[in-house]
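First the structure, in the form of structure tokens, and then the observations on it.
The values are calculated or read from the model by the stated rules, or taken from the named source; none is laboratory data. Since the model is a prediction, treat every value here as computed from it, not as a measurement. As a convention, Cβ positions derive from the backbone with ideal geometry for all residues, glycine included, and neighbour counts pool all protein chains shown. To get the accessible areas, we keep the full protein, side chains included, count just its heavy atoms, and leave off ligands, DNA and RNA. Shrake-Rupley method; radii C 1.70, N 1.55, O 1.52, S 1.80 Å.
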Amino acid sequence: MELIEEYLIPVLNTILQGIPPSLYLQLASYVTAANDYFNTLRFAYAEPYIITPINTLLNSPPDLYSILILFIILVISLKVLDYARRVITFWIILFFRLVFWGSILGGGYYVYTVGWGKASQDAAWILGLLEGFIQRVLAENDASGKSGSRSRYNSAGRGRR
């Protein structure tokens, strides 16, 4: 408030003293005409067609403010969840890329240190181990399928007889 009293009011008085009276009266008449015109627009169009319907809409049950707040909360929470999804996806992809390139570099270093012959023998041994594991799993599935698990599934849905 001191700023207005000490600086602004004296500056405005100085400016008004520098304006010729004829220009000041003409400016005042334009401001009065514009004020009357805008008041007419406000009371003829803005109040009955814009402000009053919006006011009744906002104050009618269910309260539109609460619906707007819920919508804003929903949008913000979806933004946060989207950000969290992107961060989690980034770290998972980064992990898998590091594992992939680490295995490529590790395999290359292994081949470099032991040579192609030993590396191919070790790769054949690992592939044979995987083949044996897969054959054992398939054999166990076949054995369990023949032992009666199919009869349970075939009788499903028949009820008591």
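Grab the DSSP H runs of the chain that are 4 residues or longer, score each as -39,500 (n - 2.57), total them, divide by all residues and round the 222 nm result to the nearest 500 deg cm²/dmol.
Values: 6 runs with 124 residues, N = 161.
Estimated from H runs of four or more residues: -26500 deg cm²/dmol.
How many angstrom lie between the C-alpha centres of the stretch 1-15 and the stretch 98-144?
87 Å
Mind checking the per residue accessible area of the stretch 19-60 for me, 1.4 Å probe, whole number of Å²? Don't skip to the answer; put the middle values down first.
Working: 3510 Å² over 42 residues.
On a per-residue basis, 84 Å².
Identify, among TYR37, PRO62, VAL111, the residue whose Cα sits farthest towards the positive end of the charge dipole of the chain, taking +1 on the Cβ of Lys and Arg and -1 on the Cβ of Asp and Glu, with the dipole about the Cα centre.
Final value for the positive-end residue is VAL111.
Along the Cα-to-C-beta direction of ILE15, a point sits 7 Å from the Cα; which residues of the stretch 32-51 have their amide N less than 17 Å from that point?
What the label zone holds, given the 17 Å backbone N cut-off, is 32.
Which label belongs to the value computed from this structure, given these candidates for volume of the Cα convex hull per residue in Å³: (1) 250; (2) 444; (3) 114?
Only one option fits the structure, namely (2).
For LEU138 and PHE96, FRET efficiency with R0 = 35 Å and r from the beta-carbon atoms, rounded to 0.05? All intermediate terms of the calculation are to be shown ahead of the outcome.
Working: r = 28 Å, r/R0 = 0.80.
Approximately 0.80, to the nearest 0.05.
On the full set of protein chains, 1.4 Å probe, figure out the accessible area of GLU140 and give it in Å² to the nearest 10.
Per-residue accessible area (GLU140): approximately 110 Å².
Calculate, in nm to one decimal, what GLU47 and ILE126 gain on full extension: separation in residues at 0.36 nm each, minus their alpha carbon distance. Can you show the working numbers first?
Working: separation 79, 0.36 × 79 = 28.44 nm, distance 8.30 nm.
Computed gain between GLU47 and ILE126 is 20.1 nm.
Mind checking the dipole of the chain: about its Cα centre, +1 per Lys or Arg Cβ, -1 per Asp or Glu Cβ, Debye to the nearest 20? Show your work: numbers first, answer last.
Working: 13 positive and 11 negative charges, 409 e Å.
Its charge dipole is roughly 1960 debye.
Please check: in the Gaussian network model of the chain (C-alpha springs, under 10 Å), which one of ASP36, ASP63, ASP82 has the largest mean-square fluctuation.
With Cα springs under 10 Å in the chain, the top fluctuation among ASP36, ASP63, ASP82 is at ASP36.
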